[in-house]
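*Asks:* First the structure, then my questions, so here it is.
The values are calculated or read from the model by the stated rules, or taken from the named source; none is laboratory data. For clarity, every value in this text was computed on a predicted model and none was experimentally measured. Cβ atoms come from the backbone with ideal geometry, glycine included; neighbour counts cover every protein chain shown.
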Amino acid sequence: MKFNEILLEIIKMKNLLTIFLLIIVQFAFGQSGSIQGTVTDEEGDSLMFANITLRKNDVINLKIQTDENGFYRFDHLEAGNYILEIKYVGYLTRKIVAVKVNENSTEFINLNLYLSLDFIPFFEIKFQPKYNPWNFTQSTTFSADEIQRSPIKN
């Protein structure tokens with residue numbers, strides 16, 4: 001065999017191996033699903049940077065944040081049931097159980113979060129001036145003569 005023929009055979013085998021690997025990769029990633037959607041508040045406004053945790057069999061698979069439009073997406077998921085947990089500061093945590101992901105499909109899950117009353121801060125502001133002219137805790141007694149001599153007349 002000549003050198004050129006050997007080189008040609010190596011190139012053919014390399015091309016065959018490349019095609020085989022591409023088919024395997026396509027098969028591996030082609031059999032996956034995805035979950036996507038948006039996170040909004042009760043008025044429909046997008047909640048940017050909300051934290052979303054994806055679990056399968058009580059194991060955390062992925063954690064992501066929504067983008068500036070409240071959009072999120074989990075790609076390349078194995079088929080099966082998942083749990084989505086969504087957290088955002090000042091809002092009630094929401095958990096969606098039994099999100100079913102099928103092969104080669106996308107599940108669309110749009111979520112609304114509601115304000116948490118536990119988060120609303122209460123402040124007590126105390127103001128105590130050095131001199132309060134309206135402080136009536138002290139009393140002064142005036143006699144009838146003192147009242148009559150006062151410069152204010154009714």
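*Asks:* Exactly one condition in (1) loosely packed, with under 12 Cβ neighbours inside 10 Å; (2) over 25 Å from Leu117 (Cα atoms); (3) without any contact (Cβ under 8 Å) to a residue 60 or more places away in the chain is false for Asn104; which is it?
*Replies:* It fails just one condition, (3).
*Asks:* Within the stretch 52-60, is there a residue that is in a strand (DSSP E or B), within 11 Å of the chain's Cα centre (by Cα) and modelled with pLDDT of 95 or more?
*Replies:* Pass one, the stretch 52-60, residues in a strand (DSSP E or B): 52-56, 59-60.
With within 11 Å of the chain's Cα centre (by Cα) added as a condition, the list becomes 52-53.
Add one more test, that the residue is modelled with pLDDT of 95 or more, and what stays is 52-53.
Within the stretch 52-60, one or more residues are in a strand (DSSP E or B), within 11 Å of the chain's Cα centre (by Cα) and modelled with pLDDT of 95 or more.
*Asks:* What number goes with the only condition from (1) part of a loop (DSSP other than H, G, I, E, B); (2) at pLDDT below 90 that Phe29 does not pass?
*Replies:* Phe29 satisfies all of (1) part of a loop (DSSP other than H, G, I, E, B); (2) at pLDDT below 90 except (1).
*Asks:* Could you run through the stretch 32-51 and say how many residues are more than 21 Å from Leu115 (Cβ to Cβ) and not in a strand (DSSP E or B)?
*Replies:* Summing the residues that are more than 21 Å from Leu115 (Cβ to Cβ) and not in a strand (DSSP E or B) in the stretch 32-51 gives 1.
*Asks:* If you don't mind, there's one more thing I want to ask. Which one of these is modelled with pLDDT of 70 or more and outside any strand (DSSP E or B): Asp67, Asp75?
*Replies:* Testing whether each residue is modelled with pLDDT of 70 or more and outside any strand (DSSP E or B) leaves just Asp67.
*Asks:* Inspect all residues belonging to the stretch 95-113 and state whether any of them is assigned to a loop (DSSP other than H, G, I, E, B), at pLDDT 60 or above and on the phi > 0 side of the Ramachandran plot. Talk me through it step by step, then tell me what you get.
*Replies:* Keep residues of the stretch 95-113 that are assigned to a loop (DSSP other than H, G, I, E, B), which gives 102-105, 109-110.
Next, only the ones that are at pLDDT 60 or above stay: 102-105, 109-110.
Those left that are additionally on the phi > 0 side of the Ramachandran plot: 104.
Scanning the stretch 95-113 turns up at least one residue that is assigned to a loop (DSSP other than H, G, I, E, B), at pLDDT 60 or above and on the phi > 0 side of the Ramachandran plot.
*Asks:* Kindly list the number of the only condition in (1) exposed (fewer than 10 other Cβ atoms within 10 Å of the Cβ); (2) at pLDDT 95 or above that fails for Ile86.
*Replies:* All conditions are met except number (1).
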